[in-house]
1. What number, in percent, do you get for the relative contact order of the range 25-88 if the mean sequence gap of Cα pairs under 8 Å and at least 6 apart is divided by its residue count?
2. Using the beta-carbon distance between Ala54 and Ile90 and R0 = 25 Å, what value does 1/(1 + (r/R0)^6) give for FRET efficiency, to the nearest 0.05?
3. If the limit is 20 Å between Cα atoms, which of Lys35/Lys56; Lys35/Lys75; Lys44/Lys76; Lys10/Lys75 go over it?
4. If r is the Cβ-Cβ distance from Ser68 to Asn16 and R0 is 30 Å, what FRET efficiency results, to the nearest 0.05?
5. Which one is right for this structure if log10 I(q)/I(0) by the Debye sum over Cα atoms at q = 0.11, 0.18, 0.22 Å⁻¹ is calculated from it: (1) -0.45, -0.98, -1.12; (2) -0.44, -0.77, -0.98; (3) -0.26, -0.73, -1.11?
6. Simple spin-label model, 7 Å along Cα-to-Cβ: Asn26 to Asp9 in nm?
Amino acid sequence: MKRKHDLSDKEQFRQNVLAGEIDFDNIIKSSFQAKQLYDELKKKCHPDLFPNDAEKNSTANEISQAVSKNRHNYKKLLELKEQAKQQLNINI
C-alpha cells in the first residue's frame, strides 16, 4: 500500500476530491466574484480612512493586509468583510 506522500499528484488530487477536502464552490466564486469584493474591501478598509482613531487605524491596517494576502480567496474575503463591518463600523 502506498503512503499518501508516495502518490502521484493526480492520485492525491483524486483522493482529496473524494474526501471532500476541495471546496469547488469557493474555487468558482474566487475565479469570478473575488475581484469585485477585493476592490470594494481595499477601498473601504484602507487605514488612511481612519487617521484620528489609532485603534481603528490599526484594525484597518490588519484587515487591509489580510485582504491583500487573500485577494483570490472569496470565502476568506467574505469573512474579512464581516470583520470590517463589526470592527470598523463600515457599511459594505
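Read-outs: derived from the displayed coordinates by stated rules, not from any lab. Computed from a predicted structure; not experimentally measured. Neighbour counts are summed over all protein chains in view; Cβ atoms, including those assigned to glycine, are modelled from backbone coordinates with ideal geometry.
1. Relative contact order of the range 25-88: 41 percent.
2. Approximately 0.90, to the nearest 0.05.
3. Working: Lys35/Lys56 25 Å; Lys35/Lys75 12 Å; Lys44/Lys76 16 Å; Lys10/Lys75 25 Å.
Violating the 20 Å Cα-Cα cut-off are Lys35/Lys56; Lys10/Lys75.
4. E(calc), rounded to 0.05, equals 0.65.
5. Answer by label: (2).
6. So the label points at Asn26 and Asp9 sit 2.1 nm apart.
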